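The values are calculated or read from the model by the stated rules, or taken from the named source; none is laboratory data. Everything numeric in this text was worked out from a predicted model, so none of it was measured. For neighbour counting, all protein chains shown are included, and Cβ atoms are generated from backbone atoms with ideal geometry for every residue, glycine included.
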Amino acid sequence: MKILKYLLVVVVLVIISCDSDDDNAAAPTNPLLVATSINFVKANGNDLDTFTCAKFSDSYAVRVDARFEGDERPVATRLDFTVNGDIYSVTFSSNGSKLIPVNLIPGNNTAQISGSNIFSSTLFTVDQGDFVEVP
């Protein structure tokens, strides 16, 4: 009877001390989305010409570039940014660029990735055609 008790205790201790491999496995982590740049562009993605007048009839956009860091497969991740104080969001599910249509305002326009120091600024001057201001 004593042997049976000892045997039962040993069996219970063996069962309790066994760990499943799943218990020690690290939980998968989502890769980190890192914004690399934000720029004002034409609606087709072409860069804006420097020192030229923009036309209200033209369409414009903000191009946001981002990449995922980490070994895990990327999952859809939202990235917030502002344009002239208005909040926008874009979702990335892979590395690359996204074009988001925006309306420029006369004067200085600023776009910034929320929570970062990544920003872009452009001066939007209105093409006045052949109009000449006389003092």
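Worth a mention:
- Top-ranked residue of the stretch 92-102 - restricted to ones that are out of contact with any Phe, Trp or Tyr (no Cβ under 8 Å at 6 or more places or on another chain) and surrounded by 13 or more Cβ atoms within 10 Å (Cβ to Cβ), ranked as nearest to Thr125 (Cα to Cα): Leu99
- Taking the criterion of being of a type in the set (A, V, I, L, M, F, W, C) and touching a Gly at 6+ places or on another chain (Cβ under 9 Å), the only residue of the stretch 71-104 that qualifies is Leu99.
- Apart from one condition, Asn46 fits all of (1) at pLDDT 95 or above; (2) farther than 16 Å from Ala111 by Cα; (3) among the polar types (S, T, N, Q); the exception is (1).
- The residues listed here are Val83, Val75; of these, the one that is within 16 Å of the chain's Cα centre (by Cα) and at pLDDT 95 or above is Val83.
- Filtered by the rule that a residue be surrounded by 10 or more Cβ atoms within 10 Å (Cβ to Cβ) and among the aromatic types (Phe, Trp, Tyr), the stretch 32-91 gives Phe40, Phe56, Tyr60, Phe68, Phe81, Tyr88.
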